[in-house]
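The values are calculated or read from the model by the stated rules, or taken from the named source; none is laboratory data. All of these numbers come straight from a predicted model, not from anything done at the bench. Positions of Cβ are generated from backbone atoms using ideal geometry, with glycine treated the same way; all protein chains shown enter the neighbour counts.
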Amino acid sequence: MKVLVLNCGSSSVKFQVIETSLEMIEADTDRTLARGGVEKIGLSDSRLSMDVPGRKPYQEIAEILEHRAAVERVLKVLSHPDHGVLANVAEIEAVGHRMVHGGEKFASSVLVTPEVEAMIEECVVLAPLHNPHNLRGLAAARSLLPNVPHVAVFDTAFHQSMPPKAFVYGLPYELYTRHAIRRYGFHGTSHRFVSIRTAKLLGKPLEDLRIVTCHLGNGCSMAAVDRGQSVDTTMGFTPLEGLLMGTRSGDLDAAILPWVMAMEELTLSQLNAMLNKHSGLYGISGVSSDMREIEAACAAGNRRALLAFEIFCYRIRKYTGAYAAAMGGLDAVTFTGGIGENSPLVRAAALSDMEFLGIQLDEGANRTAPRGKEALISSSRSRTAVAVIPTNEERVIARDTVRVLGGVMPSFSVPGNEAPR
Amino acid sequence: MSERELHRIGVVGGGMMGRSIATRVSQAGLGVVVRDITRERTDQVKDLLAKDLDREIDRWGLTQAEKKAILARIEFTVDLKETGSCDLVIETIHEDFAAKRALIAELDEVLKPEIPVIINTSTLSISELAQGLRHPQRILGMHFLYPVTTTRVVEVVKGQVTNDDAFESARRFVRILGKVPIQEFESPGFVTTRVVMPLINEAAHVVMEGVASAAEVDLAIKLGYEFRHGPLEWADRVGLHRVLNWLEHLFHETGEAKFRPCPLIRKLVRAGQTGARVGKGFFSYDSERSRLDRLPDDTPKLS
């Protein structure tokens, strides 16, 4: 089955066409036929680009004023006789949509119906920067492809299995009941995918493993995946909490915020921008938000870059220990995301001298882990396995789409795991 | 009612107001055409705009990448005809009847009849400015409050003949700027200026009578009524010459004694002490316009 995967941002639409089926998922043989995106939607020089394996990259510049026009354009290019990969648009049998926030309403991926769309609408208040654009893309795709099923896949769904002790904050309880303020966690599709792949790589059933998954990309988060279920994760009510990130602060004492607002006379929007865009690796180093540039600056002796690097790795280390404790043990640590997959320095700094947790890195394997491939980087004597697994959120979305349509999509919520209302 | 889409906005005049509006519009993802009278002026406006954005970056409110994106959506021109492709045009030239009148008459020729034209004013009559135009029904007024970047409210003013279509587009435009539109009918000083001027004037009288120092008066009102600034610092920040103008205008229009300018304000203006911009008004300011002579009690509230 050919599935179109859409990920709509404020001024962008990313897409992939993936050929997959329940059998192909089992054999891990599903494949991407085309991938690409539309950028700068709303401007006169919007850019559509597409990569098809084995072909020269395709690009066009045109005025694309809104999401519907962007999706329309994508469909046209995909079915173009010269550049396309489809004989016609009717070859698309289903569409999978990435949704940032499913609140407490969605504990799995779902078939989109008018009721589901209304429920996603209700989650807008939780993710005002993301959900409206996701919804706009969904509406556009539904009107352009009205005869195929659409499936919504949520960043938050996988973490709905967390117990209340992990997701309720130490605030007045009314804030939870009134405003749904709690830990949700993000990158759920990625944490789920790499935990399943880790079990496959180790040749053990997922149900026997306690895995700490580290998604280290532009945003960074870790999850404690206990026998296949997320029981805790570092990101919280928003993607700001937890690990240090490129430009986000991660954990900090909340009392700092009113203090800084008063001292610097900041507005709410300046404060928000400060935490999300001027902090993290960039804010500490003053060099860059990009780990590659931080590493280069460290090598050149920049002390603030070195400090940023150390803080980054220290937090990963700290949460690894915390999550091992949360799960009562640890069988594997998995790295994914741009940094997780490509920085042996980060992996080594985060997990060195952790033999008390049974972790023993194979330094050579860590250094030479091949780009874009799954690899085991722990030594043969290591009780706890350490793996590098390239994530592929689009593929998970395509797979979920097939699973939902085939009626084999599990829910991640655990019965009896709700907090009192 | 037809909901005309707003994709491209014309801003005539590259002063502080014009630059702030252009920035906000571009930040919202819309295209902007800024028109000023000469190439030297537009180059200067471009520079100043970049500097405004740098200041916001220093305040952590913006990133370099966002600055680039904002600037990329703003075009500059000296030719008024280039606003012809805009879905709404707002003028921000100086507060002068004849100049504004000449400009909107020209815009009336250049723009399609249904394109709303917004006059930025705190004192002039929209209806009078629109008189005799070919399409007076698309003319309406707007009043942005100081400081334009952070103040959340904008007065949207309907003239005698303004039609609902133009008025609704203007209200939507204000929402795009991330601000709250207050709908009003034309009247001297509209709502905000008319209500705040007697407060400033009275504060100046209290100081002049020697009842309390300017710093004490401001602190009392600021803390007492939870204002961000006291009325006198606020007046310094907008410029005392502007305050004096407004008072004179309101006094002239209404004949009400409550608007008669306090002699102390006149005295400061005559001495060139017009406020934060020049470093001296009721209070003293450094080159960043931070106030220097605060009372020890006038500190940020930390608990």
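Observations on the structure shown:
- Assessment of region A:354-374 against the conditions (free of Cβ contacts under 8 Å to residues at least 60 places away in the same chain, assigned to a loop (DSSP other than H, G, I, E, B) and either under 26 Å from A:Ile284 (Cβ atoms) or among the aromatic types (Phe, Trp, Tyr) (or both)) yields at least one matching residue.
- Residues of region A:171-195 satisfying the condition of being touching a residue at least 24 places away in the same chain (Cβ under 8 Å), surrounded by fewer than 17 Cβ atoms within 10 Å (Cβ to Cβ) and part of a helix (DSSP H, G or I): A:Thr177
- Some residue of region B:28-35 being basic (Lys, Arg), away from chain A (no Cβ under 14 Å) and in a strand (DSSP E or B): yes
- Members of region A:115-164 that are of a type in the set (Asp, Glu) and touching a Ser or Thr at 6+ places or on another chain (Cβ under 9 Å): A:Asp155
- Flag for A:Ala34 being in the same structural domain as A:Ser10 (by TED's automatic domain parsing), surrounded by 15 or more Cβ atoms within 10 Å (Cβ to Cβ) and within 15 Å of A:Lys14 (Cβ to Cβ): yes
- Residue check, A:Gly286 surrounded by fewer than 15 Cβ atoms within 10 Å (Cβ to Cβ) and either within 28 Å of A:Gly372 (Cβ to Cβ) or away from chain B (no Cβ under 14 Å) (or both): no
- Residues in region B:223-255 that are over 19 Å from the mean Cα position of the chain (by Cα), crowded, with 16+ Cβ neighbours inside 10 Å and at pLDDT below 95: none.
- Within region A:149-168, being crowded, with 20+ Cβ neighbours inside 10 Å and not in a helix (DSSP H, G or I) holds for A:His150, A:Val151, A:Ala152, A:Val153, A:Phe154, A:Asp155, A:Thr156, A:Met162.
- Lone unmet requirement of (1) more than 19 Å from A:Asn272 (Cβ to Cβ); (2) more than 12 Å from chain A (Cβ to nearest Cβ) for B:Thr23: (1)
- Taken over region A:255-306, residues that are within 21 Å of A:Gly340 (Cα to Cα) and among the polar types (S, T, N, Q) amount to 5.
- Only listed residue being of a type in the set (A, V, I, L, M, F, W, C) and either under 26 Å from A:Phe193 (Cα atoms) or modelled with pLDDT of 95 or more (or both), chosen from A:Ile41, A:Ile25: A:Ile25
- Tabulated pairs, region A:253-273, first under 17 Å from A:Leu240 (Cα atoms) and at the interface with chain B (Cβ under 10 Å from one of its Cβ atoms), second among the β-branched types (Val, Ile, Thr) and assigned to a helix (DSSP H, G or I), C-beta under 9 angstrom, 6+ apart or interchain: A:Leu271/A:Val260
- Selection status of A:Met222, touching a strand residue (DSSP E or B) at 6+ places or on another chain (Cβ under 6 Å), assigned to a loop (DSSP other than H, G, I, E, B), away from chain B (no Cβ under 14 Å) and within 25 Å of A:Phe193 (Cβ to Cβ): no
- Region B:143-159 - residue that is outside any loop (DSSP other than H, G, I, E, B) and within 20 Å of B:Val243 (Cα to Cα) and, of those, nearest to the other protein chains (Cβ to nearest Cβ): B:Val153
- The residue list B:Leu264, B:Leu295 contains one member that is among the hydrophobic types (A, V, I, L, M, F, W, C), more than 26 Å from B:Val195 (Cα to Cα) and either assigned to a helix (DSSP H, G or I) or away from every other protein chain (no Cβ under 14 Å) (or both), which is B:Leu295.
- Single residue of region B:52-93 satisfying the filter (exposed (fewer than 14 other Cβ atoms within 10 Å of the Cβ) and hydrophobic (A, V, I, L, M, F, W, C)) that is farthest from the other protein chains (Cβ to nearest Cβ): B:Val78
- Residues satisfying the stated conditions in region A:104-123, i.e. in contact (Cβ under 8 Å) with a residue 12 or more places away in the chain and in a helix (DSSP H, G or I): A:Val116, A:Glu117, A:Met119, A:Ile120, A:Glu121, A:Glu122
- Matching entry among A:Arg35, A:Arg47 (being within 14 Å of another protein chain (Cβ to nearest Cβ) and basic (Lys, Arg)): A:Arg47
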